[in-house]
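Below is one structure, written out as structure tokens, with a few remarks after it.
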Amino acid sequence: MATHHRGNDVERRALDAYIKLMRAADSVTAAVQPALAEAGLTLGQFGVLEALMHLGPLPQHELAGKLLRSSGNTSVVLANLERAGLVQRRRRNEDRRVQIVSLTPRGQQLIGEVFPRHATRLTRRMAALAPQEQEALGALCRTLGRGIGATTDREGPRTADGDRNRNLTRARPSAAMVMSS
């Protein structure tokens, strides 16, 4: 669904792209989430286990940063994983303020079983795009993600040829406005 916003072309194009991006992400998430739920995991819990599986033990604040989650949200997720016996948190000896999070043997076993199936599901879902399209999508998402903090309102949005249009103000609609039909 395209945006129904009646703003200028730059706003409509940005809103339309955002809606499509969010709907695609929600669609892929909806395809993989049921299998995680069957394993007793939320998407956030899976993210923690997957990060620890691939990166090894991490300080809690670094884990939160890698997952793009607040420290409060990460604390809640970790408490639930700890209660389930999947992770452990230990204070660093040299700095007791820092908690190191690691997988327990039970957590290693669970993520070792769940991750390969998850990767297969994602691979099947992403096969809707050709390999080159997947690479292009990845590059575009990286550019968008990195560009969020690099732009300011006074710079204005980019025009179709990539130049900054300093005469237009950037729209920052609420999610409800963007997703409304």
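The values are calculated or read from the model by the stated rules, or taken from the named source; none is laboratory data. These figures come from a predicted structure and were not determined experimentally. Using ideal geometry, Cβ is built from the backbone for each residue, glycine included, and neighbour counts are taken over all protein chains shown.
Annotations
- Filter result (assigned to a helix (DSSP H, G or I) and either surrounded by 18 or more Cβ atoms within 10 Å (Cβ to Cβ) or not β-branched (Val, Ile, Thr) (or both)) within the range 75-95: SER75, VAL77, LEU78, ALA79, ASN80, LEU81, GLU82, ARG83
- In summary, ARG170 fulfils each of the numbered conditions (1) in the same structural domain as THR29 (by TED's automatic domain parsing); (2) of a type outside the set (Gly, Ala, Ser); (3) at pLDDT 85 or above with the single exception of condition (3).
- Condition met for VAL98 (touching a helix residue (DSSP H, G or I) at 6+ places or on another chain (Cβ under 9 Å), part of a strand (DSSP E or B) and either in contact (Cβ under 8 Å) with a residue 12 or more places away in the chain or not hydrophobic (A, V, I, L, M, F, W, C) (or both)): yes
- Residue satisfying condition, being crowded, with 16+ Cβ neighbours inside 10 Å and at pLDDT 95 or above, within set LEU67, LEU103: LEU103
- Any hit, the range 65-84, residues being in contact (Cβ under 8 Å) with a residue 12 or more places away in the chain, hydrophobic (A, V, I, L, M, F, W, C) and closer than 20 Å to VAL28 by Cβ: yes
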